[in-house]
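The values are calculated or read from the model by the stated rules, or taken from the named source; none is laboratory data. What you are looking at is a predicted structure, and each value in this text was computed from that prediction instead of being measured. Cβ sites come from the backbone with ideal geometry, for glycine too, and all protein chains shown count toward neighbours.
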Amino acid sequence: MALPSSARLTIDLDALAHNYGVLRAQAPGAEAAPVVKGDGYGLGAGPIGRRLWAEGARSFFVARLTEGEALRAALGPERRATIYVLDGMTSGTAPRLLAADLTPSLTSVPQIEAAGSFASGLGRPLAVALHVDTGMNRQGITPDQAVALAQSRDRLAHLDVGLVMSHLGSAPEPQSPRNARQLERFAAVRKLFPDARASFAASAGIFLGEAYRFEMVRPGVSLYGGGPEERPDARLKAVATLEAPILDIRNIEAGETVGYGSSRVVDRPTRVAVVAAGYADGLVRAAKATGHGWYAGAPRPFLIVTMDLILVEIGDTPAGLGDMVELMGPNAHIDDLAAAAGTVAHECLVRLSPRAERVYLGET
Ligand SMILES: *Cc1c(COP(=O)(O)O)cnc(C)c1O
């Protein structure tokens with residue numbers, strides 16, 4: 001019998017739609033604009049975007065110009081979504097932004113100037129968003145620069161600022177005083193632009209309370225099943241399931257060294273399944289320390305993660321060659337995997353590689 005020999009990545013679009021519904025219900029009255037940067041967190045911005053459009057999404061966020069162009073092409077001419085580009089624009093990228101009908105989220109004074117002078121030649125105002133940094137210290141104009149801008153409106157003469165946005169740095173920690181401090185700054189800034197809508201919360205921020213939600217929220221990781229507090233959240237469903245078949249079952253004797261290097265020594269007789277996936281399929285190698293997969297109804301600790309093979313401890317469970325072991329999914333939760341690897345669910349998702357065979361479930 002031919003055994004399946006490669007990892008399979010199942011992307012469940014019905015689970016995505018479920019999560020979108022959960023996030024929308026959590027932010028009543030606000031538009032929920034999906035964040036599909038990084039090729040839809042590694043899961044395919046095209047199918048993700050089309051399905052979320054079918055679920056009612058009309059605005060999307062990407063990071064790069066090229067991601068915006070790809071999403072516009074994937075949505076096609078009949079789905080006229082607003083696509084915001086978080087990188088903003090420069091005079092060099094302006095024509096391409098315009099050609100793909102993308103809305104830049106301007107992040108600096110030079111960007112605002114470049115957008116203004118480009119727009120002055122258009123004969124109509126250019127739709128833009130304005131990103132204000134309220135304390136993450138990463139991207140956006142300062143609140144002081146926003147005040148100065150609001151006081152000299154001619155600098156915005158050719159721009160139609162439809163959205164004012166900011167981003168939270170500590171939203172997964174509801175107790176952090178940084179959240180309220182950023183909120184206070186953002187509330188003051190948004191008053192400077194009364195005609196614009198305001199957007200502040202990403203996935204985690206949506207769960208911080210009504211004051212954080214404003215008119216638009218920007219969920220990313222929680223659409224794909226990552227919990228807002230970086231641990232599994234039962235309200236959300238896993239969208240990405242990575243599974244791979246058992247190629248071999250081996251018994252390792254006590255005292256033996258396993259895999260590369262000499263750090264992994266088993267202290268007791270250990271029965272393992274050799275699973276046909278590895279970090280070349282995108283499973284974060286660092287998860288080997290305390291990560292686990294799921295097989296025959298129980299968590300199974302990883303012993304080692306190499307490029308193509310993972311050893312999973314299976315104890316004395318009966319196991320068959322070709323059986324699929326879940327490495328990420330509804331049981332081997334992405335937030336647990338991320339914690340084991342010392343990272344966040346976002347990174348576990350975007351690392352998923354094209355080597356794993358992709359299967360989409362649900363209407364695209
Ligand atoms: C990535 C990003 C988001 C989405 O964040 P999640 O934590 O994935 O929900 C929202 N807004 C901005 C500005 C971002 O960079």
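Structure values in brief
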{"quantity": "Qualifying residue in segment 80-89 (condition: away from the ligand (no atom under 16 Å from the Cβ), at pLDDT 95 or above and in the same structural domain as H158 (by TED's automatic domain parsing))", "calculated": "yes"}
{"quantity": "Test: residue in segment 302-311 that is in contact with a strand residue (DSSP E or B) (Cβ under 9 Å, 6 or more places away or on another chain), under 30 Å from G49 (Cα atoms) and β-branched (V, I, T)", "calculated": "no"}
{"quantity": "Enumeration of residues in segment 52-78 that are of a type in the set (A, V, I, L, M, F, W, C) and either farther than 16 Å from T364 by Cα or in a loop (DSSP other than H, G, I, E, B) (or both)", "calculated": "A57, F60, F61, V62, A63, L65, A70"}
{"quantity": "Residue pairs meeting the criteria (Cβ under 8 Å; at least 6 apart or on separate chains; first among the β-branched types (V, I, T), in segment 189-204; second within 9 Å of the ligand (Cβ to nearest atom) and not in a helix (DSSP H, G or I))", "calculated": "V189/S166"}
{"quantity": "Test for A296: is it in the same structural domain as N251 (by TED's automatic domain parsing) and touching a residue at least 40 places away in the same chain (Cβ under 8 Å)", "calculated": "no"}
{"quantity": "Of the criteria (1) modelled with pLDDT under 95; (2) at positive phi; (3) of a type outside the set (D, E), which one A289 fails", "calculated": "(2)"}
{"quantity": "Residue, farthest from Y84 (Cα to Cα), within segment 202-239, restricted to residues that are near the ligand (Cβ under 10 Å from one of its atoms), assigned to a loop (DSSP other than H, G, I, E, B) and small (G, A, S)", "calculated": "G226"}
{"quantity": "Qualifying position, being surrounded by 21 or more Cβ atoms within 10 Å (Cβ to Cβ) and under 23 Å from T10 (Cβ atoms), among A296, A276", "calculated": "A276"}
{"quantity": "Single condition A338 does not satisfy, out of (1) within 16 Å of the ligand (Cβ to nearest atom); (2) farther than 19 Å from H292 by Cα", "calculated": "(2)"}
{"quantity": "Near pairs, Cβ below 6 angstrom, 6+ apart or cross-chain, from segment 167-187 (touching a residue at least 40 places away in the same chain (Cβ under 8 Å)) to any residue that is away from the ligand (no atom under 15 Å from the Cβ)", "calculated": "R185/P143"}
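Here's the yes/no breakdown for (1) more than 30 Å from Y212 (Cα to Cα); (2) not in a strand (DSSP E or B):
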| site | (1), (2) |
| --- | --- |
| R80 | no, yes |
| G88 | no, yes |
| G92 | yes, yes |
| L98 | yes, yes |
| P110 | no, yes |
| V128 | no, no |
| Q139 | no, yes |
| V161 | no, no |
| V164 | no, no |
